[in-house]
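Contents: one structure, followed by commentary.
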Amino acid sequence: MPQLRRQIQIIVDRQKAVVSAAHQRLDGLTDAQLRWTPDPKQWSIVDIVDHLIRVHATTSPILMRELLPAPPAGEEVNKELSYSFSDRTVVGILSPGARFKLPVPKKFQPMPHHGALGHVLQHLYDEFEAFQVILEYANEKQLKGIKVTPPTGPLRPSILAYLDATVQHNRYHWLQVEALLRDPKFPK
């Protein structure tokens, strides 16, 4: 793999940390543990996983559609791309520690899963792998000027900010998973 631009390398490193933590902490959990929630109003681990699958399955094609026609990165690989106000807003509202919680659009609401759940985790890992490919592909492209229309709102962030926001969103939900795993009532 070619060397990544600094801004993309940061995003890739954050995503790899989420993927690694997911494998370390989720592989081997029972279906009962994946379905457990301390409160019916709270999502279980499988709900969070399903939500992330839905987000990635929807946004990955949008990202690729924008990246495919982009010219090669050329000299841009040596430049730092700045974030606009709307870029910073999108990244901020999807990041861990955001000051307010956005409502989850219906298309991203988790669906109930019946039966064994191993395939759900594998689907998440497949989506994460596909996202890694997108990040590596983005590294090869000229990103300046590419705006993305998210499926959730009117803001049109730059593609770099949208990639960043996607990882921040993964990190946000990973912290929810960690909180469930630390809950004293979590099934052993």
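The values are calculated or read from the model by the stated rules, or taken from the named source; none is laboratory data. None of the values given here were measured: they were computed from a predicted structure. For neighbour counting, all protein chains shown are included, and Cβ atoms are generated from backbone atoms with ideal geometry for every residue, glycine included. Quick note on the areas: whole protein, heavy atoms, side chains included, nothing else; ligands and nucleic acids left out. Shrake-Rupley method; radii C 1.70, N 1.55, O 1.52, S 1.80 Å.
Structural remarks
- Selection over the stretch 138-156 of residues that are of a type outside the set (Lys, Arg) and either open to solvent by 60 Å² or more (accessible area, probe 1.4 Å) or assigned to a strand (DSSP E or B) (or both) gives a count of 7.
- Test result for LEU135, in a loop (DSSP other than H, G, I, E, B), open to solvent by less than 20 Å² (accessible area, probe 1.4 Å) and closer than 23 Å to PRO71 by Cβ: no
- Pair list, Cβ under 7 Å, 6 or more apart: the stretch 11-23 residue open to solvent by 60 Å² or more (accessible area, probe 1.4 Å), other residue not small (Gly, Ala, Ser): ARG14/VAL167; ARG14/ARG171
- When LEU81, LEU34 are screened for being part of a loop (DSSP other than H, G, I, E, B) and touching a residue at least 60 places away in the same chain (Cβ under 8 Å), only LEU81 passes.
- Those residues of the stretch 1-10 which are open to solvent by 50 Å² or more (accessible area, probe 1.4 Å), hydrophobic (A, V, I, L, M, F, W, C) and assigned to a helix (DSSP H, G or I), in sequence order: ILE10
- Filter result for LEU180 (in a helix (DSSP H, G or I), modelled with pLDDT of 90 or more and more than 14 Å from the chain's Cα centre (by Cα)): yes
- Listed by first and then second residue, the pairs linking a residue in the stretch 144-163 that is on the phi < 0 side of the Ramachandran plot to a residue that is part of a loop (DSSP other than H, G, I, E, B) and among the β-branched types (Val, Ile, Thr), with Cβ atoms under 7 Å apart and 6 or more places separating them unless they lie on different chains, are ARG156/VAL148; ARG156/THR149; PRO157/VAL148; SER158/ILE146; ILE159/ILE146; ILE159/VAL148; TYR162/VAL148.
- Residue in the stretch 86-101 that is part of a helix (DSSP H, G or I), open to solvent by 70 Å² or more (accessible area, probe 1.4 Å), out of contact with any helix residue (DSSP H, G or I) (no Cβ under 7 Å at 6 or more places or on another chain) and without any contact (Cβ under 8 Å) to a residue 60 or more places away in the chain present: no
- When the stretch 109-151 is filtered for residues that are in contact with a Lys or Arg (Cβ under 6 Å, 6 or more places away or on another chain) and at pLDDT below 95, only THR149 remains.
- Tally of residues being charged (D, E, K, R) and surrounded by fewer than 23 Cβ atoms within 10 Å (Cβ to Cβ) across the stretch 157-171: 1
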